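First up is the structure itself, then whatever we jot down about it.
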Amino acid sequence: MHEQSLIRALLRQVEQIRIENGGLAVVDIQVEIGPLAGVEPLLLESAYKVVSPEFRMRETHLVVNEVPLTAECPACGTIAVEQTRIVCPQCGQTEVTITAGDEMRLVSVTLQTADERDRPA
Amino acid sequence: MTQQIISVGRDVLAKARQSAQELRDEFTRRGILVVNIMSSPGAGKTTLLQATARHWQGRRKMAVLVGDLATDRDAQRLAPLAPTIQLTTGGACHLELPLVERGLERLGELDCDFLFIENVGNLVCPASHDLSEHVRVIVLSTTEGDDKPAKYPKAFRTSQILVINKTDLLPHVPFSVEAAINDARQIQPRIRAVAVSAHRQEHIADWCNLLEEAHAELRATGQVLSQNR
């Protein structure tokens, strides 16, 4: 159950991004997780409910997209692999490198920003 | 009001991993091999470290940071054998780098060849956190069953050494060392495996030899085994 610590790490980064880009608020946060991320989507969402008020992001929508586990095979290129059998399904190669699905990725952040015409002249 | 989408495309733990890499580089420069030991509760991490310290006594220097939710029982067991600091996580299920850094401050000037970080007993959460280790080790005991690797794929995928412990119990439990190693190699084909009885101090030399090889490689090349992804 380390989802709360991952959410804290995520929201600290999102807050930094909001400040750097002069955002007034964060509308939504898109993340990607895969089978080897070590993250359970339901637990991630409940951890978000607990932690987001600390960052004043109660209104912010967290969107969790699940992605498959993929790897790079030296012979066959990008392939989909099973998490319990990490070999190339086409040629049987075992020396493959995982390229996606083993982490929690922050994909994008939607910010609410002030319009030119909202600014005082 | 308008909205702006900022593309990021970054692992949430990338920053933590970068800090871990900086600390790892410092240990590499100092010739200290850092070993992160993970297992389920009760697999024998502390007993393995006691056996390791006894095996090396007077020949190799080691220090230990030991993580638990509560109590300093493990540190009490290890302190007579090697400089040891207990890290208590206050209920958290895994160690993270800041806790390790705090433990290092308390250890003071490090004079050792090997620094062991005994993680909290758990095969799930610790697997996601880089603690600056050169080598990640899983201890799997024969009482847990030989079908465990596929249940904890991330922990096995990211480890370089598998220690099968409690081989003295093999006559009493339905556990095949070969099946467990095969299962682990479906997930991580490069994983090195040794089978020991830490309690009986049996085959500890095999495990220590793997570590000594890794240490020699670290001193010679500045790199060790391979960081798995």
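Data table
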| read-out | value |
| --- | --- |
| Among residues of segment B:28-43, those that are over 18 Å from B:K154 (Cα atoms) and open to solvent by 10 Å² or more (accessible area, probe 1.4 Å), counted | 4 |
| Qualifying residue in segment B:78-85 (condition: buried (at least 20 other Cβ atoms within 10 Å of the Cβ), farther than 21 Å from B:K15 by Cα and in contact with a His (Cβ under 9 Å, 6 or more places away or on another chain)) | no |
| Segment A:33-45, residues that are facing another protein chain (nearest Cβ under 9 Å) and touching a residue at least 40 places away in the same chain (Cβ under 8 Å) | A:P35, A:L36, A:A37, A:V39 |
| Close pairs from segment B:108-119: first modelled with pLDDT under 90, partner not small (G, A, S), Cβ under 9 Å, at least 6 apart | B:G108/B:P83; B:L110/B:F27; B:L110/B:R30; B:L110/B:I32; B:L110/B:P83; B:L110/B:L104 |
| Where a residue in segment B:93-104 is buried (at least 21 other Cβ atoms within 10 Å of the Cβ) and its partner, wherever it lies, is assigned to a helix (DSSP H, G or I), with Cβ under 6 Å and at least six apart | B:H94/B:C125; B:H94/B:P126 |
| Members of segment B:10-23 found to be crowded, with 18+ Cβ neighbours inside 10 Å and either touching a Ser or Thr at 6+ places or on another chain (Cβ under 8 Å) or part of a strand (DSSP E or B) (or both), listed by number | B:L13, B:A20, B:L23 |
| Scan of segment B:152-182 for residues that are touching a residue at least 24 places away in the same chain (Cβ under 8 Å) and closer than 19 Å to B:Q201 by Cβ, ordered by number | B:I161, B:V163, B:I164, B:N165, B:K166, B:T167, B:D168, B:L169, B:L170, B:V177 |
| Scope segment B:61-77; condition open to solvent by less than 60 Å² (accessible area, probe 1.4 Å) and either under 22 Å from B:H215 (Cβ atoms) or within 14 Å of chain A (Cβ to nearest Cβ) (or both); matching residues | B:M62, B:A63, B:V64, B:L65, B:V66, B:G67 |
| Test: A:G77 is of a type in the set (G, A, S) and surrounded by 14 or more Cβ atoms within 10 Å (Cβ to Cβ) | no |
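The values are calculated or read from the model by the stated rules, or taken from the named source; none is laboratory data. From a predicted model like this one, the values you see are computed outputs, not experimental measurements. Neighbour counts run over all protein chains shown; Cβ positions are idealised from the backbone, glycine included. What goes into the accessible areas is simple: the full protein's heavy atoms, side chains included, and nothing from ligands, DNA or RNA. Shrake-Rupley method; radii C 1.70, N 1.55, O 1.52, S 1.80 Å.
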